[in-house]
Amino acid sequence: MKTRILTFANQKGGVAKTTSAVNVAYGLAVRGYNVLIIDADPQANATFATVGAVEPEHTIYDLLINDVPLAAVTMPTRHERLHIIPSSIDLAGAEIELLSETGGQTLLKTKLRKAAYDYIVIDSPPSLGLLCVNCLAAATEVIIPVAVGVFALKGLAQLEATIEKVQDRLDRPDLKIGGVFVTMADNTNVAKDVGDALKQRYGDITFNTMIPRSIRAEEAHSRTLSVFEHAPDSTAANAYNQLIEEIINRGH
């Protein structure tokens, strides 16, 4: 199968973007797919959630700025089918350095040309800077998590505009929004309103699955486990399983 590259993006923080990227990557690996998760956020939360408080020898910063080969920056995880390119705070300085790099806006795409995985899951930074542009330009699909709240949809137009610029100016006409889904859902009218607003705005692109607000998912993250390992019977694990099935089915 052709590699599907899923960039999880939303410049608004606190939308369970990293939690979703990590759990989707792990869930795909459990299903037998070979998966690479790329932590492109200087906060390195996906790295911590996947491999714990390690000091990686090389990170995505080395891949992009120091020209270290892909194989050398890729680490194994607890699951044999899941690998990670970790991040570190060094990445915060990459924005400026990428400006002076030839092809700096599409460098990640270039570096991933020889990556042999079924799925690559990219956790992009919560901003629309050059790092995020790299994550979008490398993707085949953008997956957008939207947290329940009164200002849930605020900023989505900006993200859409950035995606359109990547399609147009970086010659990525095939890049698409692969799905939008609600996170931190609860039994309130606000959650229903956000779900309805997404359906109205994105139509069939909206995933049916809503990820519930869950202490289990937060606990899993802090214990460097996926929700499937920490609480396999939880509502969050069930919801992420449904989301993963929707993602897989859209690739057929």
How are the alpha carbon pair distances in region 58-138 distributed across 10 Å bins from zero to the largest one, expressed in percent? 17, 56, 24, 2
Return the loop-located GluC sites (Glu not before Pro) in region 43-95 (DSSP other than H, G, I, E, B) with at most 13 other Cβ atoms within 10 Å of their own Cβ; answer none if there are none. E57, E80
Out of all DSSP beta bridges in the chain, what portion is antiparallel? Express it as a percent rounded to 5. 5
Once the convex hull of the C-alpha atoms of region 198-237 is built, how many Å³ does it hold per residue, rounded to a whole number? 81
Per GNM of the chain with C-alpha springs under 10 angstrom, the most fluctuating residue out of Y202, Y119, Y240 is Y202
Given Cβ point charges of +1 (Lys, Arg) and -1 (Asp, Glu) and nothing else, what value in debye, to the nearest 20, does the dipole of region 66-108 about its Cα centre take? 300
Using Cα-Cα distances under 8 Å and only pairs 6 or more residues apart, what relative contact order does region 13-130 have, in percent? 37
Let me know the Kirkwood hydrodynamic radius for region 20-69, please, with Cα pairs as the basis and the value in Å to one decimal. 12.0
Go ahead and run the numbers for FRET between D90 and S222, Cβ-Cβ distance against an R0 of 25 Å, rounding to 0.05. 0.60
Using modelled amide H (1.01 Å from N, peptide plane; none on Pro or chain starts), what sits under 5 Å from the amide H of I211, excluding residues fewer than 5 places away? V182, T183, M184, A185
Options V180, A161, V194, ranked by Cα towards positive dipole end of region 155-197, top entry (Cβ charges): A161
Whole-Hz Karplus couplings 3J(HN,Hα) for region 20-25, θ = phi - 60° and coefficients 6.51, -1.76, 1.60, Gly and Pro as x, run 5, 4, 5, 5, 5, 4
To two decimal places, what compactness ratio does the chain give when its Cα radius of gyration is scaled by 2.2 N^0.38 Å? 0.94
Note to self: C-alpha centroids of region 1-73 and region 97-111 sit apart, in Å, by 18
Once you keep just the Cα pairs under 8 angstrom separated by 6 or more residues, what percentage relative contact order results for the chain? 25
Hey, what do the phi angles of region 234-251 turn into as Karplus ³J(HN,Hα) couplings, whole Hz, using 6.51/-1.76/1.60 and θ = phi - 60°, x for Gly and Pro? 6, 5, 5, 4, 4, 5, 5, 4, 5, 4, 4, 4, 5, 4, 4, 4, 6, x
What ³J(HN,Hα) values, in whole Hz, does the Karplus curve 6.51 cos²θ - 1.76 cosθ + 1.60 give for region 88-104 when θ = phi - 60°, with x put for Gly and Pro? 7, 4, 3, 4, 4, x, 6, 3, 5, 5, 5, 4, 8, 7, 5, x, x
Pairs to check: K2/K109; K2/K165; K2/K176; K12/K114; K109/K154. Give those whose C-alpha atoms are more than 21 Å from each other in this structure. K2/K165; K12/K114; K109/K154
Starting from the amide H of V121, placed 1.01 Å from N in the peptide plane, find each other amide H under 5 Å away whose residue is 5 or more places distant or on another chain. L6, L36, I37, I38
Determine the dipole magnitude for the chain: charges of +1 sit on the beta-carbon of Lys and Arg, -1 on that of Asp and Glu, nothing else is charged, the reference point is the Cα centre, and the result goes in debye to the nearest 20. 540
Taking the Cα centre of region 98-171 as the origin, how large is its charge dipole in debye, to the nearest 20, when only Lys and Arg (+1) and Asp and Glu (-1) carry charge on their Cβ atoms? 180
Can you list the GluC sites (Glu not before Pro) in region 199-244 that are in a DSSP coil and have 16 or fewer other beta carbons within 10 angstrom? none
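We did not get these values from a lab; they are worked out from the coordinates using the rules stated. Only a predicted model underlies this, so the values are computations on that prediction, with no experimental measurement involved. Reconstructed Cβ throughout: ideal geometry from the backbone, glycine too, with neighbour counts over all protein chains shown.
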